[in-house]
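Quick one: this structure, given as structure tokens, is what I'll be asking you about.
The values are calculated or read from the model by the stated rules, or taken from the named source; none is laboratory data. On a predicted model such as this, the values are computed, not experimentally measured, just so you know. As a convention, Cβ positions derive from the backbone with ideal geometry for all residues, glycine included, and neighbour counts pool all protein chains shown. For accessibility, only protein heavy atoms count, side chains too; no ligands or nucleic acids. Shrake-Rupley method; radii C 1.70, N 1.55, O 1.52, S 1.80 Å.
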Amino acid sequence: MVYFFAAGKSDGDASLRSLLGGKGANLAEMATIGIPVPPGFTITTEVCDMYYKGGKTFPEGLKAQVNENLAKLEAETGKKLGDPTNPLLVSVRSGAADSMPGMMDTILNLGINDAVVEGLIKKSNNPRFAWDSYRRFIQMFADVAMDVDKENFEHALDAMKKRRGVSLDTELSADDLKELVQEYKVIYKKIKGEDFPTDAQQQMWLSSEAVFRSWNNERAIYYRKSNDIKGLLGTAVNIQSMVFGNMGETSGTGVCFSRNPSNGDNYFYGEYLMNAQGEDVVAGIRTPQKMSILESRMWSDANTISEADRVANYPSLEEKMPEAYKQLVGVRDLLEKHYKDMQDMEFTIESGILYILQTRNGKRTGSAAVKMAVDMQKEGLIDDKTAVLRVKPEQLDQLLHPRFKAGTKKEIIAKGLNASPGAAVGKVVFSAKTAIEWAEQGKRIILVRIETSPEDIQGMAVSKGILTARGGATSHAAVVARQMGKPCVAGCGALHIDYNTLQMEVGGKIIKQGEWISFDGSTGEVYLGQVETEEAVLSGAFGELMAMADKYSTMKVRANADSPKDATIARNFGAVGIGLTRTEHMFFEGTRINSVRKMILSKNLEDREAALAELEPMQKGDFYGIFEAMEGLPVIIRLLDPPLHEFLPQSEKEQEEMGKLLGVPTEEVRQRVHQLHEFNPMLGFRGSRLGIVFPEIYKMQIRAIVDAAIELTKKGTKVIAEIMFPLIAVKQELDILVTIAKAIIAEKEAAAGIKAHILLGTMIEIPRAAITADEIAETAEFFSFGTNDLTQMTCGLSRDDSGSFLGAYVDQGIFEYEPFQVLDQTGVGRLMKLAIELGRKTKPNLEIGICGEHGGEPKTVMFCHEIGMNYVSCSPFRVPIARLAAAHAAIKGLK
Ligand code: PEP
Ligand code: MG
């Protein structure tokens, strides 16, 4: 239940991550490989699980094991917890197997009371440090373990600073801090009705319990949900001897990354503060300074700070403490080589001596992930396969997002830190709550805060970007935004935000809540108004990574595209075909809808054919353009699918008549009808049923396809057309339609005197089709799973209006994921597997793909690889994501 760690004496190592949590496992490993780590011990994640299973009580035997390890720690450090003459102080920190930065609790400086503080003063000869540690402990312990809001103490601290006429904590004297400790104790007693706990053992157990409790706080639960972290036992608790960054001017603390987590560049990136403890760096009250001279100058240039000012007031660690810096660079190199990945480290320098408090694989933006993977492969640190696996398919999403159009006029109003890349455009809101409300109304918003905290996380998730006035590259806003893949500019000091009046002043301009701004997370620039954006262009490392990925994948990626423009985008993103052209989307273009409506309202075949004749040349033009854009690659064109009412305007006439009859206002009837309206679950007169009853519609479309294909083939353009019949349930439906199609193709080929390359196939999107796939494959030349409809019909869920309760289903674990987003592999997936087996029994080389929305979702893509599909088809912007997921599936299968 408890694992010890100290130089050469660790019980655990990095392989015990699920048991010791990331932090605990890495502390044990670092202690073993010679990194200076303060000793301590880890209470395992299993204990957290037992704590919850046992009705929030510690399991039997834990106490004895903790005491045993505490005694070991006391022997190792030569100090004793709670002993006034030679006190051991510890930190109590959380740490799950998957890192969840800032979501769970931490308590520092534990073990202080009135007697111990005196001992600390004697030993350190530094009363200011001792009282500072004491006041920090009371605040943290009260807030985290005892539910006393830290604001109570912060008010007292601010009042003290005001009385003394100073602005920084570091300017308060030992006596000031001593007085503050007395005030803090009074505040605590007033709120809790009892004295602040003085027993060090009791403090330790209460803190450990608080860490376990924080596993299930709201923000931790939300974080796990939004990052798809599942199946963990809980958090570990790390109890570690304290080292002090607040011991004076040769002490300090910082957070650093072995490479730039925002763009992937290979230089030491991070921030530190002298005479401070960890929370000061992220709190944003003092301006953290940079690690290297290089980065420090980049920062001063961006903030127009003179070199003299920089050296005097914001020197880099490299300048301020060259010895410690050199040692830290050594640690960085060693850890990166050891873990073969970018490291995110926390360090403390106590009176000139360096300690490492944590290392983990650093979170990074999508573009940084790609750059680092490709660079590390070139450096020989990792091989090709590892490089491909290093980038999560979902992460590519960020790279594919638009950026500001080059050459657009922009009015810069401020500049902050470029914390997370991308272009953000939205209306200003000043609170997470408003952000959520406005986003629900469909508004595009930018969350602007003085600084963010974990409470803001849901508001951040719905924003187009996050802008803060305070905080550095490792501030909460920066770290979380990067992970969410959202643009972020942090520490933009020019913003003077007033939460009361809901406005901010920037360079003499007032910007109110609701007004538009834009900002560039890659440069840190903030602009007034809505700046125009453009699509991303992919190059460099991205192309290299995709090329590496394609070497391994066996399954192809096509795109769903309905126009030559989308087809071209898809091809540029690496699509090797079109898996779905929804022809109905073309029916809405320009004035075509009038011909479509004329066709629908026709009373006889003659009128209908006349209307269809108007559409035919337009359809031919559409197909011609797409075939041309996809020259040499297969293109699936699906014939008309939706029910015809979708092409008609909504009538209000009948509602008016009903209103008159019942003597109620029409508006009331209209609202009631609207309220009671249920979406047609799309099981009616649609898909191939239209083709069976009105064959002239499909005939028109087939003629247009064949004409376009023949015309291009004559010109020497290679066309591979695949005509797809939607919503087939019974083989006989397909037989009828294929016979019609074959006749048209034969006739046109004979007339032109050339052969066109055309396959005739079907969607598998009705369960009956899936379970009779062997019969259907006798006629079909290819299958494409329409998993939108297949999910709808297999699960009995309307794809249009089940959103209102599916969230609850996922929350209760009935579905692991929303089944219209992530394929339900157990149910729908099983049907697909069966259909593939049956189809290939009839035709061993049957071409099989998927064209439902799931085709670009990484987990589904991996599943499609597993069940032997030839390709997946998805929206153009998801093509690179699907390509990478297909490579992951292949590599994992190979291993
Ligand atoms: C499907 O059902 O998965 C499909 C691709 O067709 P549509 O979404 O157009 O019904
Ligand atoms: Mg469908």
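Are there any pairs with C-beta distances below 9 angstrom linking a residue in segment 580-606 that is within 16 Å of ligand 1 (Cβ to nearest atom) to a residue that is open to solvent by less than 70 Å² (accessible area, probe 1.4 Å) and aromatic (Phe, Trp, Tyr), with the two at least 6 apart or on different chains, and if so which?
Note: pairs meeting the criteria are 581/623; 583/623; 584/647; 587/647; 588/647.
Shifting gears a bit: When you scan segment 765-774, do you find a residue that is surrounded by 15 or more Cβ atoms within 10 Å (Cβ to Cβ), in a loop (DSSP other than H, G, I, E, B) and within 16 Å of ligand 1 (Cβ to nearest atom), even just one?
Yes - at least one qualifying residue is present in segment 765-774.
Continuing with the same structure: Only one of 845, 870 is open to solvent by 60 Å² or more (accessible area, probe 1.4 Å), without any contact (Cβ under 8 Å) to a residue 40 or more places away in the chain and not aliphatic (A, V, I, L, M); which?
The conditions single out 845.
Is it the case that residue 745 is more than 16 Å from ligand 1 (Cβ to nearest atom), farther than 17 Å from residue 849 by Cα and assigned to a helix (DSSP H, G or I)?
Answer is yes for this residue.
Please work out if residue 379 is over 22 Å from the mean Cα position of the chain (by Cα) and open to solvent by 50 Å² or more (accessible area, probe 1.4 Å).
Judged against the criteria, residue 379 is a match.
Can you give me the ranges of the strands (runs of 3 or more DSSP E) entirely in segment 505-572 with at least 1 residues that are within 27 Å of the chain's Cα centre (by Cα)?
516-520, 525-528, 556-560
Something else: Take segment 752-777 and flag every residue that is among the polar types (S, T, N, Q) and within 16 Å of ligand 2 (Cβ to nearest atom).
762 - this is the single residue of segment 752-777 that is among the polar types (S, T, N, Q) and within 16 Å of ligand 2 (Cβ to nearest atom).
Residue-wise test of (1) open to solvent by 10 Å² or more (accessible area, probe 1.4 Å); (2) within 19 Å of the chain's Cα centre (by Cα).
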site: 399; (1), (2): yes, yes
site: 405; (1), (2): yes, no
site: 417; (1), (2): yes, no
site: 426; (1), (2): no, no
site: 433; (1), (2): yes, no
site: 444; (1), (2): yes, yes
site: 448; (1), (2): no, no
site: 459; (1), (2): no, yes
site: 465; (1), (2): no, yes
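Kindly provide the set of residues from segment 822-875 that are more than 16 Å from ligand 1 (Cβ to nearest atom), part of a helix (DSSP H, G or I) and of a type outside the set (A, V, I, L, M), ordered by number.
Across segment 822-875, the qualifying residues are 830, 833, 837, 839, 840, 841, 842, 858, 859, 865, 866.
Can you name the residue in segment 781-790 that is within 13 Å of ligand 2 (Cβ to nearest atom) and in contact with a helix residue (DSSP H, G or I) (Cβ under 9 Å, 6 or more places away or on another chain) and is also most open to solvent (accessible area, probe 1.4 Å) among such residues?
Among them, the one singled out is 788.
Residue-wise test of (1) more than 33 Å from the chain's Cα centre (by Cα); (2) within 14 Å of ligand 2 (Cβ to nearest atom); (3) open to solvent by 20 Å² or more (accessible area, probe 1.4 Å); (4) without any contact (Cβ under 8 Å) to a residue 40 or more places away in the chain.
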position	(1), (2), (3), (4)
750	yes, no, yes, yes
779	yes, no, yes, no
793	no, yes, yes, no
805	no, no, yes, yes
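Can you spot a residue in segment 596-607 that is touching a His at 6+ places or on another chain (Cβ under 9 Å) and at pLDDT below 95?
yes
Go through (1) under 16 Å from residue 851 (Cβ atoms); (2) of a type in the set (A, V, I, L, M, F, W, C); (3) within 16 Å of ligand 1 (Cβ to nearest atom) and name the single condition residue 795 misses.
Against the list (1) under 16 Å from residue 851 (Cβ atoms); (2) of a type in the set (A, V, I, L, M, F, W, C); (3) within 16 Å of ligand 1 (Cβ to nearest atom), residue 795 comes up short only on (1).
Can you report the number of residues in segment 848-867 which are within 16 Å of ligand 2 (Cβ to nearest atom) and open to solvent by 10 Å² or more (accessible area, probe 1.4 Å)?
The total comes to 1.
Looking at residue 728 and the list (1) part of a loop (DSSP other than H, G, I, E, B); (2) within 16 Å of ligand 1 (Cβ to nearest atom); (3) open to solvent by 10 Å² or more (accessible area, probe 1.4 Å), which single condition is not satisfied?
For residue 728, the failing item is (3).
Just to be sure before I move on: is residue 230 within 21 Å of the chain's Cα centre (by Cα) and of a type outside the set (Asp, Glu) in the structure I sent?
The answer is yes for residue 230.
The conditions are (1) open to solvent by less than 50 Å² (accessible area, probe 1.4 Å); (2) closer than 24 Å to residue 101 by Cβ, and residue 355 fails exactly one of them. Which is it?
Answer for residue 355: the failing condition is (1).
So, in segment 683-708, how many residues would count as being more than 16 Å from ligand 1 (Cβ to nearest atom) and under 42 Å from the mean Cα position of the chain (by Cα)?
Residues flagged as more than 16 Å from ligand 1 (Cβ to nearest atom) and under 42 Å from the mean Cα position of the chain (by Cα) within segment 683-708 amount to 1.
Just one of 491, 471, 442, 485 is on the phi > 0 side of the Ramachandran plot and free of Cβ contacts under 8 Å to residues at least 60 places away in the same chain; which is it?
442
What are the pairs with Cβ atoms under 7 angstrom where one residue, in segment 224-239, is open to solvent by 60 Å² or more (accessible area, probe 1.4 Å) and the other, located anywhere, is of a type in the set (Gly, Ala, Ser) and not in a loop (DSSP other than H, G, I, E, B)? Sequence gap at least six, or different chains.
As it stands, the answer is 226/461, since those pairs meet every condition given.
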